[in-house]
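Report on the following structure.
Only the coordinates and a few stated rules stand behind these numbers; no lab work does. If you're wondering where the values come from, they're calculated on a predicted model, not measured in any experiment. So basically every Cβ, Gly included, is an ideal-geometry build from the backbone, and we count neighbours across all protein chains shown.
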Amino acid sequence: MPSQNVMPPVTWQKGAEQITADLLSRDSYFDSPNYQQLPEHIFHIDSQNNDAPVCDDLINNIRTATAQDNELMTLTNLIKHDWNIADCTTHDKYKHFQDELSIDNGIVYKGLRAIIPKALQRKFLQLLHTGHNGINSTLRRARHTVFWLGITNDIKNNIASCRQCQLDAPRQQKETLLLHTVPQQPWTKVGIDLFEYNHTHYITIVDYTTDYLEYDRLDNQTAETVINSIKRCFGRLGIPRQVHTDNGPQFTSHQFSTFSQSWNFTHTTSSPYHPQSNGKAESAVKIVKRILRRCEEPELALLEHLNTTKEGLTASPIQQLIGRPTRSVLPQVQPETENSQGWWEKRGRNEKLQQRCNDGARDLAVLKEGQPVLVRDWSQHRRKWQEAQINRQLSSRAYAVQLNNNLFRRNRRDIRPLVTEPASPETPEDPKQNASSTQVDTTESANHSDNLRRSTRERKPPSWMADYVPS
């Protein structure tokens, strides 16, 4: 059946005469002569909630403390009667969320969260931290249960001062990279470390300036055997001014102390359980292990390694040490090399390395003598925090700590201050003040970015102009 085109009649009618508009907006019930003031309990909850998620005793405690809290009683009157009191301090604190406030059987609520009086806030902080969760987890739990002004800061301070959480806290974040001083002259500062590979003991010695390294096989790990191997190396290459090692028993023995005094060099050690402090020697151990694992003739492989230039440098480790490359199985022309050529390049590479490693790192605060702290207890493979006290500062990042009537040396990263009391809660700030301070900080940062930093890199002519003689 074919469809028919039907055009219904359309007429214009004044908006005030339309029924829908009259019912929704024109005919106000409040203007009607039959309008009566609604009961007061319509504007706030006034019923017994039998399905409350807390026990009756806790509800009664909150209700009793609310009746004794002057601020909450003032807030109750504001909710029931008039919010237009301009000179009321309570009004200013709660006015930006006044639409969320209600009263349920003598308890003030912000949405579905009960507002806790000051007398019970400490108790509820303990209840929120019953599971010893982190700050974010505890805040998420509080957003569904309780509320009071400044609850966020109170939760943060309470968790920060929790002794159990401090003792079981994870390791601290990494600090900024603190580079060893690299001498300009080769074989001035060396690092030494012991390692074991394939049931055999070895010693490795590496130069901080040139990256030149040597290794030797040891019959055992006694101090006498280690000292004899070091003497043979120093007899070939000379005695350095400084020797840096870890705190192994061979290097902390009386024999090694006597050896350092008789051979006239300074012996320094790194912090226990902190191999990063002796990173140069640790890196040399990795190189030697790789050579022993992959090569049938490790001596020849080490020779080729020492004749290979490092990335970003133009001189090999052996070339920086003795001024020329050594002869190997590969043909090579013997060029003239300046002894300090690689030092400037190494210095620039270390500065770039330091900038890259400092991303996401910061220096920890200096600790005072006698300050209560928490330190890592590495005895018996225990890696949790133990309470201790600072005895004295040994170096920029090493401290002597008093732990169980004994003195131990620990790196600053393995020490954290012990928080004994939570910080006092602060009064919530005015949002207008926060906005103005943020605007000022943004302006200052913009002005600061206009001050461009000039490069301090040393400028040198290219090497191909070394033999150029101006006319």
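Using amide H atoms built in the peptide plane, which far-off residues or other-chain residues are under 5 Å from Leu218 H to H?
His201, Tyr202, Ile203
For a quick check: with amide H placed at 1.01 Å from N, whose amide H comes under 5 Å from Asn391's, ignoring anything fewer than 5 positions away on the same chain?
Distant-sequence amide H within range of Asn391: Gly370, Ala400, Val401, Gln402.
Would you tally the net charge around Val206, using a Cβ to Cβ cut-off of less than 9 Å, leaving Val206 out, and scoring K and R as +1, D and E as -1? Kindly include the intermediate steps, with their values, before the conclusion.
Working: positive: Lys280; negative: Asp193, Asp207, Asp211, Glu214.
Surrounding charge for Val206 is -3.
About the Cα centre, and with charges only on the beta carbon of Lys, Arg (+1) and Asp, Glu (-1), how big is the dipole of segment 130-185? Nearest 20 debye, please. Intermediate values should be presented prior to the final figure.
Working: 7 positive and 3 negative charges, 41 e Å.
In debye, rounded to 20, segment 130-185 gives about 200.
Pop out the ³J(HN,Hα) list for segment 180-196 in order, Karplus 6.51 cos²θ - 1.76 cosθ + 1.60 with θ = phi - 60°, rounded to Hz; leave Gly and Pro as x.
5, 5, 9, x, 6, 8, x, 6, 9, 10, 10, x, 10, 8, 10, 8, 10
Between Leu112 and Lys156, how high is the FRET efficiency from 1/(1 + (r/R0)^6) when r is the Cβ-Cβ distance and R₀ = 30 Å? Nearest 0.05.
Efficiency at R0 = 30 Å is approximately 0.85.
What does the charge dipole of segment 189-326 about its Cα centre add up to, to the nearest 20 debye, if the Cβ of each Lys and Arg holds +1 and the Cβ of each Asp and Glu holds -1?
Details: 14 positive and 15 negative charges, 55 e Å.
Roughly 260 debye, rounded to the nearest 20.
Amide H neighbours of Trp378 under 5 Å, counting only residues 5+ apart in sequence or on other chains, H built in-plane at 1.01 Å?
Amide H to amide H, under 5 Å and 5 or more residues apart or across chains, Trp378 pairs with nothing.
Order by neighbour count: Arg459, Arg376, Arg141, fewest other Cβ atoms within 10 Å first, most last.
On the way: Arg459 5, Arg376 24, Arg141 17.
Fewest-to-most ranking of Arg459, Arg376, Arg141: Arg459, Arg141, Arg376.
Students often get this wrong, so check it: of Lys189/Lys460; Lys286/Lys460; Lys352/Lys384; Lys189/Lys352; Lys286/Lys352, which have C-alpha atoms separated by over 31 Å?
On the way: Lys189/Lys460 27 Å; Lys286/Lys460 35 Å; Lys352/Lys384 35 Å; Lys189/Lys352 21 Å; Lys286/Lys352 23 Å.
Cα-Cα > 31 Å for Lys286/Lys460; Lys352/Lys384; rest within.
Using R₀ = 41 Å, calculate the FRET efficiency as 1/(1 + (r/R₀)^6) where r is the Cβ-Cβ separation of Asn105 and Ala365; round to 0.05.
Working: r = 50 Å, r/R0 = 1.21.
In this case the efficiency is close to 0.25.
Taking other Cβ within 10 Å of each residue's Cβ, how do His91, His305 sort, fewest first?
On the way: His91 17, His305 20.
Least to most surrounded, the residues fall as His91, His305.
What is the extension gain from Ala400 to Thr74, computed as 0.36 nm multiplied by their sequence separation minus the C-alpha to C-alpha distance, in nm to one decimal? Please list the in-between numbers first.
Details: separation 326, 0.36 × 326 = 117.36 nm, distance 5.57 nm.
Fully extending the segment from Ala400 to Thr74 adds 111.8 nm.
Report the local net charge at Thr176: Lys and Arg +1, Asp and Glu -1, summed over other residues whose C-beta lies under 15 Å from its C-beta. Walk me through the intermediate numbers first.
Working: positive: Lys174, Lys352, Arg356, Arg362, Arg397, Arg412, Arg413; negative: Glu175, Glu351, Asp359, Asp363.
Once all neighbours under 15 Å are counted, the net charge is +3.
Applying 1/(1 + (r/R0)^6) with R0 = 45 Å to the Cβ-Cβ distance of Leu139 and Lys352, what FRET efficiency is obtained, to the nearest 0.05? Please list the in-between numbers first.
On the way: r = 41 Å, r/R0 = 0.90.
Result of the calculation: an efficiency of 0.65.
Grab the Cα-Cα distance for Lys14 and Thr266, subtract it from 0.36 nm times how many residues apart they are, and report the gain in nm with one decimal.
Numbers: separation 252, 0.36 × 252 = 90.72 nm, distance 10.20 nm.
Going from the current span to full extension adds 80.5 nm.
How would Thr188, Thr245, Thr152 line up from fewest to most surrounding beta-carbon atoms within 10 angstrom? Working shown, then result.
Values: Thr188 18, Thr245 22, Thr152 15.
Lowest to highest Cβ neighbour count: Thr152, Thr188, Thr245.
Could you sort 122-130, 176-184 so that the peptide with the highest average Cβ count within 10 Å comes first and the rest follow in order? Intermediate results must be reported in sequence, preceding the final value.
Numbers: 122-130: 15.4, 176-184: 13.8.
Ranking, from highest mean packing down: 122-130, 176-184.
Put +1 on the Cβ of every Lys and Arg and -1 on every Asp and Glu Cβ in segment 56-161; which of Leu120, Ala142, Gly131 then has its Cα farthest towards the positive end of the dipole?
Of the options given, the answer is Gly131.
Net charge near His244: determine it from the other residues with C-beta under 12 Å of the C-beta of His244, scoring Lys and Arg +1 and Asp and Glu -1.
Numbers: positive: Lys189, Arg241, Lys280; negative: Asp193, Asp207, Asp246, Glu282.
It works out to a net charge of -1.
If you place +1 on the Cβ of every Lys and Arg, -1 on the Cβ of every Asp and Glu, and leave all else neutral, what size is the dipole of segment 56-161 about its Cα centre, to the nearest 20 Debye?
460 debye
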